[in-house]
Every structure is written in structure tokens, then in C-alpha cells.
There are 2 protein chains.
Amino acid sequence: MNALGKHLLLELKSCDKEVLDDISFLRGALLAAASECGATVLGESFHQFSPQGVSGVVVIAESHLFIHTWPEYGYAAADIFTCGNSVQPEKAVQVLLRKLGSKNHSVVEVRRGILDI
Amino acid sequence: MNALGKHLLLELKSCDKEVLDDISFLRGALLAAASECGATVLGESFHQFSPQGVSGVVVIAESHLFIHTWPEYGYAAADIFTCGNSVQPEKAVQVLLRKLGSKNHSVVEVRRGILDI
């Protein structure tokens, strides 16, 4: 079953709470994840919330990675959306798991763009 | 079942092919969708691909909206990720359906951050 895109939805629980509120660390983590999976970075947008929490996205030539964090719950939602065969999104998953220290996670894969072509 | 975020995955098929390659139009559509659902825009990043296709993201205080288009197939993948009760993401869905002229679409809702809190 061919699809244009592979979309990985990461539920990252029991993370290191300190890093979930560290915008600089999270930006580095998302860029490292993009690099590790072989993606080409085109743009980014990161925001720190008050009193806590960070949202960030890295747009890549192969689609995007984003993260939203809730430090108060030790939880982050992250997505890795890629298209094409030149990238290995599973490597990005491993980077995020390691850097955020998640002790309880799940990954759901959604195929996007299943077309009759 | 409470969740921190509501994530709508839109598969938009049989769209107007011309608008799928119009970065200015798509930026306007995503910003209109964000506005219509009551979101606060924090940042954006849009990119035109060669020979065709656009990727764009709008980061909102309530999470994000993104779109990736494949004009050659009349297809776009869009996501509307929101948290909190102050926004109505279904209104953003209607804006995107209308502006992209999709004649064949599906929407999958994923609850993100279902925690024992």
C-alpha cells in the first residue's frame, strides 16, 4: 500500500521535566533529530509559554517535525512527518526518546496520501 | 476521557490543483483557518518546492496548523492540532475544505496526551 507520507505520532510520557521547559535544548533536540534522519532543514519556529511549556516546529524538505511540551505533566507530543525514501524517520524517534528521557512512550504510524496512482 | 490536545488529521483529495501550488493563497488559507477557529498566531513558515508543492505551518498559542500539498495529485495533507477549550478546530476544517475545493476528504481525530491526572 503506497502512501506519499509517513507520519509518526509520538506520545512521550514520564520525560525529564526540566528539559521540557528548556526551549534551547528542545530546539537542539529537534534539529538533531532532523539531522540524524537525513532531512534537509528549511525553517523553524519555537515559542516559550508562560508559566511553562514549549512549542516548536522544524520544517524540512521532506515535511516537518514538531513538539509541544507540558513540563508540569512530564509529557510531550511530537510528530515526525516525512515523505520520500531518502530519510529514516525512525532515527529521529530514537533521538527524541533519548534526549527527552521518556520512560513511557508510544509511537503510532499513520500513512498519509494513499492515492489511486 | 480527557486529553491535553485534539489533533485532526485531514486527507484532502480531489482539490483545486492550482491553489495547491499557490504559496500565497495557502498561507492566507491557513491563517484564515487559524483566525476562524479563534486561535492566536505566534509564528509561521512556508516553503515553495520545485517543480511544485508547498509546505506551510502556522504555530498558534493553542498548538499548530500545517499543510503539505502535492498539486500533481490534487492532494493535500493538513493537520489541526489544538489544546484548551477556547478554540473550535472544526471551524478551521471547514475553512480549509472550502478554500482548497476538496471533493473527497476524510478527517481523523486523535486525542493527544491522555494522562492519569
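Looking only at region B:37-58, filter to residues that are among the hydrophobic types (A, V, I, L, M, F, W, C) and open to solvent by 10 Å² or more (accessible area, probe 1.4 Å); which one of those is farthest from B:Pro89 (Cα to Cα)?
Within region B:37-58, the match that is farthest from B:Pro89 (Cα to Cα) is B:Phe49.
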Query - So A:Phe46, is it in a strand (DSSP E or B) and either farther than 28 Å from A:Arg111 by Cα or touching a Gly at 6+ places or on another chain (Cβ under 7 Å) (or both) - result: yes
Query raised in the report: Counting only residues that are surrounded by fewer than 20 Cβ atoms within 10 Å (Cβ to Cβ) and of a type in the set (Gly, Ala, Ser), how many does region A:87-110 have?
Result: 2
Query - In region A:74-86, the residues that are touching a helix residue (DSSP H, G or I) at 6+ places or on another chain (Cβ under 9 Å) and either surrounded by fewer than 22 Cβ atoms within 10 Å (Cβ to Cβ) or not in a strand (DSSP E or B) (or both) - result: A:Gly74
Requested in this report: Output the number of residues of region A:78-102 satisfying the condition of being within 14 Å of another protein chain (Cβ to nearest Cβ) and charged (D, E, K, R).
Outcome: 1
Query raised in the report: Is at least one residue of region A:14-36 assigned to a strand (DSSP E or B) and open to solvent by less than 10 Å² (accessible area, probe 1.4 Å)?
Result: no
Requested in this report: Go through region B:59-73 and give me each residue that's surrounded by fewer than 24 Cβ atoms within 10 Å (Cβ to Cβ) and more than 8 Å from chain A (Cβ to nearest Cβ).
Outcome: B:Pro71, B:Glu72
Query - Unmet criterion (only one of (1) farther than 24 Å from A:Phe46 by Cβ; (2) out of contact with any Gly (no Cβ under 6 Å at 6 or more places or on another chain); (3) in contact (Cβ under 8 Å) with a residue 60 or more places away in the chain) for B:Tyr75 - result: (2)
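The values are calculated or read from the model by the stated rules, or taken from the named source; none is laboratory data. What you see is a predicted model; the values in this text were computed from it and never measured. Neighbour counts are summed over all protein chains in view; Cβ atoms, including those assigned to glycine, are modelled from backbone coordinates with ideal geometry. Note: accessible area is taken over every heavy atom of the protein model, side chains too, but ligands, DNA and RNA are not part of it. Shrake-Rupley method; radii C 1.70, N 1.55, O 1.52, S 1.80 Å.
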